[in-house]
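Written out below as structure tokens is the structure these notes cover.
The values are calculated or read from the model by the stated rules, or taken from the named source; none is laboratory data. Quick caveat, the model's predicted, so the values are computed rather than measured. Glycine also receives a Cβ, built like all others from the backbone with ideal geometry; neighbour counts cover every protein chain displayed. Surface accessibility is based on the protein's heavy atoms, side chains included, excluding ligands, DNA and RNA. Shrake-Rupley method; radii C 1.70, N 1.55, O 1.52, S 1.80 Å.
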Amino acid sequence: MAKAGRLAAGVRRPGRAVIVTDSNVDLLYSDKLAASLREAGFDAVKFVFPAGEKSKNASTLLSLLNFMAESRLTRIDTVFALGGGVVGDLAGLAASLYMRGVGLVQLPTTLLAAVDSSVGGKTAVDLPAGKNLMGAFYQPDLVICDTDTLGTLPEAEFSNGCAEVIKYGFIRDAAILNMLGNRPVDEIISRCVAIKRDIVTADEHDRGERQLLNFGHTFGHAIETCSGYTIPHGSAVAAGMVIMTTAAIKKGLCDAGSLGLLKSALRACGLSVEVHYTYAELFDTILSDKKRSSDRIKLVIPRRVGLCELIEVSLNEAREFLRLGLGGT
Ligand code: ADP
Ligand code: ZN
């Protein structure tokens, strides 16, 4: 964190800096970040909102935009998103909107944000009708990942991020599965970020290859929705990956050993994959997904650990995948 100001000054002219953070991360790291920014010549102010997904809404977004205006931010100034995915999404969207775009530096403090949401430029807030419905693609000028901050992250939040790490292992890089618990977290994060960078560079706006990053997410989102978001994202994605891998094996599309490797990697990270919903309940939520635009659906199918493929299927076929896969959780 001590280097953040210097690093930011390398890409943004030191002017006004708005540190956006939540009530937990504020107590831990915002003073350190503010001191580092001031030392590098930035004039830092901060906007703190209550921690939790509930804050990721249009009302917090508007308060933040008003705060930026009251702080007399101009186009040359910079937003610093210090926190997990909620902070990154909200601050990123505000940075994209204010004066049609100001500088943005992401400083992820959760494993999930480090390997996933801080990279790739997706920003959003939730609407009453669903998650992430109001958003924009807006690339940060810089992502500073200080892995020391992960030392204070609650274990359950760390596990949450591990689900995404395992996802990267499955879609691109089998070696990642053996790294969890054996290699320094910096190394694991770099490897995941490199994969995400390559995929996003090839398909920034999520029209093709980027959808590979949804491995485990189609059914995972259905589980999250059914639970009223009481099941954490990581556990839901973990179960979603198991469902998809089980179904793919039963259909003869995936190497049979993959399921054991997936389950033991998830277990090692403390991720449970029990699902207490029927396939009919889960499928209903997929049918009512407001983001779905046609009667076909793209699924990410594992072929083996390290290789996934995108296929488009009818809703009936997707239902069959879900039915077959649920047997495996
Ligand atoms: P995610 O990255 O999983 O979307 P959130 O932004 O929802 O994460 O953050 C998850 C929780 O962890 C929040 O309560 C947040 O305040 C807290 N948090 C984030 N980073 C840290 C950290 N480094 N140490 C302690 N708590 C943190
Ligand atoms: Zn995810």
Original post:
log₁₀ I(q)/I(0) of segment 4-145 at q = 0.10, 0.18 Å⁻¹, via Debye over equal Cα point scatterers, no solvent, to two decimals?
Top reply: -0.27, -0.93
**OP:** Give the percent of DSSP beta bridges with both residues in the chain that are antiparallel, rounded to the nearest 5.
**Re:** 40 percent
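What number comes out for the charge environment of Gly41, summing +1 per Lys or Arg and -1 per Asp or Glu over other residues with Cβ under 13 Å away?
Values: positive: Arg6, Arg12, Arg13, Arg16, Arg38; negative: Glu39, Asp43, Asp77.
Result for the local shell: +2.
Cα-based Rg of segment 255-329 per 2.2 N^0.38 Å, rounded to two decimals? Can you show the working numbers first?
Working: Rg = 13.9 Å, N = 75, 2.2 N^0.38 = 11.3 Å.
My calculation over the Cα atoms of segment 255-329 gives 1.23.
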**OP:** With r as the distance between the Cβ atoms of Ser264 and Val45 and R0 = 51 Å, compute the FRET efficiency 1/(1 + (r/R0)^6) and round to 0.05.
**Re:** 0.60
**OP:** Among DSSP beta bridges lying fully in segment 4-145, give the percent that are antiparallel, nearest 5.
**Re:** 20 percent
**OP:** Write down the accessible area per residue of segment 179-269 in Å², having rolled a 1.4 Å probe over the full set of protein chains.
**Re:** 42 Å²
Original post:
Pairing the Cα long axis of helix 217-226 with the longest principal axis of the chain, what angle in degrees results, from 0 to 90 and rounded to the nearest 10?
Top reply: 80 degrees
Subject >> Rounded Å value of the spacing that divides the Cα centres of segment 18-74 and segment 119-196 >> reply: 21 Å
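Hey, got a sec? Which trypsin sites (Lys or Arg not before Pro) in segment 23-102 land in a DSSP loop and have at most 16 other Cβ atoms within 10 Å?
In loop regions of segment 23-102 (DSSP not H, G, I, E or B), the sparsely surrounded trypsin sites (Lys or Arg not before Pro) are Arg72, Arg75.
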Subject >> aspartates and glutamates whose Cα lies under 15 Å from that of Lys56, excluding same-chain neighbours fewer than 8 positions away >> reply: Asp22, Asp89, Asp126
Original post:
What per residue convex hull volume, in Å³, do the alpha-carbon atoms of segment 154-325 yield?
Top reply: 109 Å³
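What FRET efficiency, computed as 1/(1 + (r/R0)^6) with R0 = 35 Å and r the Cβ-Cβ distance, is obtained for Lys298 and Ser63, rounded to the nearest 0.05?
Details: r = 36 Å, r/R0 = 1.03.
The calculated FRET efficiency here is 0.45.
How much of the accessible area of segment 154-325, probe 1.4 Å, is carbon plus sulfur, in whole percent?
49 percent
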Subject >> Cβ-placed point charges (K, R +1; D, E -1), dipole of the chain about Cα centre in debye, nearest 20 >> reply: 480 debye
Subject >> Highest average packing first - 246-254, 312-320, Cβ atoms within 10 Å >> reply: 246-254, 312-320
Subject >> Solvent-accessible area, 1.4 Å probe, carbon plus sulfur percent, for segment 75-114 >> reply: 57 percent
Subject >> Accessible area expressed per residue, segment 6-154, with surrounding protein chains retained (probe 1.4 Å, Å²) >> reply: 42 Å²
Original post:
For segment 306-329 and segment 239-274, what is the separation of their C-alpha centers, rounded to whole Å?
Top reply: 12 Å
Subject >> Sum of -39500 (n - 2.57) over DSSP H runs of 4+, divided by residues of the chain (222 nm, nearest 500) >> reply: -13000 deg cm²/dmol
Original post:
What pairs from Lys131/Lys167; Lys3/Lys167; Lys46/Lys167; Lys131/Lys251; Lys131/Lys263 go past 25 Å between their alpha carbons?
Top reply: Lys3/Lys167; Lys46/Lys167; Lys131/Lys251; Lys131/Lys263
**OP:** Compute the long axis of helix 233-250 from its Cα atoms, compare it with the longest principal axis of the Cα atoms of the chain, and write down the angle in degrees, 0 to 90, nearest 10.
**Re:** 30 degrees
**OP:** Kindly state, to the nearest 0.05, the FRET efficiency for Thr278 paired with Arg13, given R0 = 45 Å and r defined as their beta-carbon distance.
**Re:** 0.20
**OP:** Classify the chain as rounded, prolate or oblate from the Cα gyration tensor: take a ≥ b ≥ c as the square roots of its eigenvalues, call it rounded if a/c is under 1.5, otherwise prolate when a/b beats b/c and oblate if not.
**Re:** prolate
